[in-house]
Each structure stands twice: as structure tokens, then as C-alpha cells.
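The values are calculated or read from the model by the stated rules, or taken from the named source; none is laboratory data. Keep in mind that this is a model prediction, so the values were computed, not measured. FYI the Cβ positions are ideal-geometry reconstructions off the backbone, even for glycines, and counts take in every protein chain you see.
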């Protein structure tokens, strides 16, 4: 935020980015400087090459910030405590104020790096106006007020944390409570997370899907914590199984569950506040557009598809990004001349304008015969309702006769594993369960997965989203090597 007030265009790198990826990103976007946080006692992790032919090379402007001392570094190092005590001269203050008067709402502010789930990561550029508008939209989608206390466990470099948690504090006055995201990634730490939410009297908890799972499967007694202040539990970033909020309501029945949908390019644009009754009525995952957001579901030629049919979800509004930094050709493919952002996600618009996401365009599977399209999210939604399944990812396996067959990669739920049921018995019961829920269609073929692969963990990208390409490679190596 301090850099933003100086008019600096900042590229936020993803948590866990390697030194090689940093090097490539800095040079691709011709950055002038790198600011990086080091852990106490950590040595300088980057052996950055000095480019003597480029006097503006970023390697000459590397600054490390740390809580403690750095063992060794050839670059400039500052400690947080020293920066906090740093005295600023009146001359420097005047220079900063002069810079701030020159900043316009249309000036570039931030560039978020995408996850790379649809190809190489891209830098999503937003200006001051778009970022403030996205923050105000998130404020409404989160059901926040100026007296809210919002807990967030996501890394600050993620758009879900920076755009939808931190800045509602900076722009809207909401109190923001956070913890080290690396600690919350351990399933054994869920009790500590709940303790923080209770002790800080948080009214809203913005939790990653894996934290939700840890919460509902925890053997600890959540009811012993004083969670009376907690009114909303929010999550998003990937399709959520209906079983998560259903099991959450059994432990914290007084809260409302808010499902959020968005992307790095648009931030949050759809949301749904769910109660147990919504789950009973089959409305979970059917979201409304957020304030100031236009939503449509389109065919490949840009025309609207009929209500109830699958098409690409497109959104438009003041929060949609400027474009991909230094990549005009990719920008032109993502944003139409009339400023509709083509999300690449497939959805269905139902009665009353509710939109249900059914998958990504790149995840389409043509199964049984070339005219039938099966979307992974639809199969995953059904499978996620099986109490013996913790997580599932559906991919296509090449088949000479039918083009592709359906394969479900599943992680068994902890409760089921505790029963020590053999994998053979588990799969037999699962196939029987599927036969009842996936009856043959008009063409005589069932949509029940032909293949099941039981895994201990489903591969994830650095953002926490499922790495479907890795899952597909893993399944193919087993069933169609």
C-alpha cells in the first residue's frame, strides 16, 4: 500500500515462487527492483547474475526485509523493526506528498500473477480505480460492515487475500485478522485457527477449502469455543463439495456459509449465502452476480445461450482488469471490445439469474461418443456427496472407441479409512453407489466413471487449486500407459 501511494506499479509474485521463476518474471516485465522477505537467519537464496550490459538491471536493486538477522547476503537488507523506527525528514515527506498529487485513478497500480492453470502465468494489470471498485464489490459480497472483524488464512500475494481481505480493511475500515498461512496448511493446526477466530471475536472467517475440511473432520469439540460472534464462513477458489457446508452446519449451526466465485482477472463477481435449507433445496452452488457486475452465459459465437444450457460465463464491470501486462494478443482473446471478460469457465444460468459453474472450457470431456459432452464438475458434485470420499477430481482417459472414458481420482475420507476397509471393498461399494446415481442416458451409456484411482493426495498448484493436468498424467500412466 505504501508503494501504491508513491505511484509504483507492483507485480505480486505467488507464494512459493522459485528463484528461477523470479529471475524470469523480473526480466520479462523489465522490473527495476525486487523486494523479498527473508526468514530470520536465512541466507540470501538468490545467486542473481549481474548483467553489466544493462545498467538498469534489477539485480542492482534487490532489497531483503527480515524480522531477524540474515546470515549472509550480497544485497541490501533491512529489518522490520529498523524500518518502523526510521525517521523521515521533512524534505522526504514533502517529496512523497508531491508524488501523491500526481497519481491518477487510471494509473497502473498492481499486477497479480495468475496460477498458470491454463498455461504460463500471466501478469494481470489493474489500475487504482479498478482495484478500489473490486474492493467495494468484495465488501458487499462478504456481507461486511465497518464493525466486522474478518479472519483470513491465505497468503497476502494471492488475489483472494490482497484483493478481498486486506484491502477491505484499508479501503472500508474492516478489522483484518490473519495468521501465517504456512501454519494453517497443517491439518493439526485447525484447533489453533479456531482459537484465533474465537479469541479475536471474528464475525467473518475467510477460509481455504482445506481448512474447512480440517474443521469438519476435526476430533476436537468446536462447540467448546466461544464462536457466538462468528456470523459468516466464506470460501472459494475452486468448486466446493456440498458436503463441506453440510457438515460445517452440524458443528456451527448458527453461521451462514458464503461461497465466492471470481478470478485473478475479475476478483469476486458471483456469490451465494447458503443456509441448511438451501442445501436441502438443491441450490448450493447457484450464485448471484455481485453488485455492479453484469453476468451472461454465451455460446462460442457470443450469442446468449438459452436458460438451463451450458455456455461460457462472461462478466463485465468496473472491477475487470486492464489487460495482461505486455501481452496485448492474450488480452484481446480475454476481453472483448465492449469490455466483456471471457472467463473460460462453463456455467448454466437458471431461474432468477442464478449461475452455476460446471467446469472450465479446457476441461471438457467428450465421452461415449463425440456428440456427448460431460463436464467434470457435474460428476465431481455427485461423487462429493459420498461420505467415504474426502476429495475428487474427474479427468478423461483416452479410449480408442469412445474418444475418452471418465476417470475419478479420489481421496478417501478419514472416517472411512479409520474403518480399515480394504481398497477393493471401498471401490466395490463406490461402484455400486455410482450405479444408483448415474443411470444410463438416452444413448444407453452411463456417466458413472469407468476408472477409479485412489490416491493419498490430489496434486495442487501453488495457489491451492487442483492441478488437473498433473492428475490426468497420473491417471493416464495407470490406466492407459
Please return the ranges of helices (runs of 4 or more DSSP H) entirely within the stretch 156-217 where 3 or more residues are touching a strand residue (DSSP E or B) at 6+ places or on another chain (Cβ under 9 Å) and modelled with pLDDT of 75 or more. 167-172, 190-199, 209-217
Among the numbered criteria (1) modelled with pLDDT of 90 or more; (2) closer than 19 Å to residue 346 by Cβ, which single criterion is violated by residue 407? (2)
Any residue in the stretch 108-122 that is in contact (Cβ under 8 Å) with a residue 40 or more places away in the chain, at positive phi and not assigned by TED's automatic domain parsing to the domain that holds residue 328? yes
Identify, please: which residue in the stretch 378-404 is outside any strand (DSSP E or B) and out of contact with any helix residue (DSSP H, G or I) (no Cβ under 8 Å at 6 or more places or on another chain) and is, among those, modelled with the lowest pLDDT? 401
Of the residues that sit in the stretch 137-148 and are in a helix (DSSP H, G or I) and either in contact (Cβ under 8 Å) with a residue 40 or more places away in the chain or at positive phi (or both), which one is surrounded by the fewest Cβ atoms within 10 Å (Cβ to Cβ)? 140
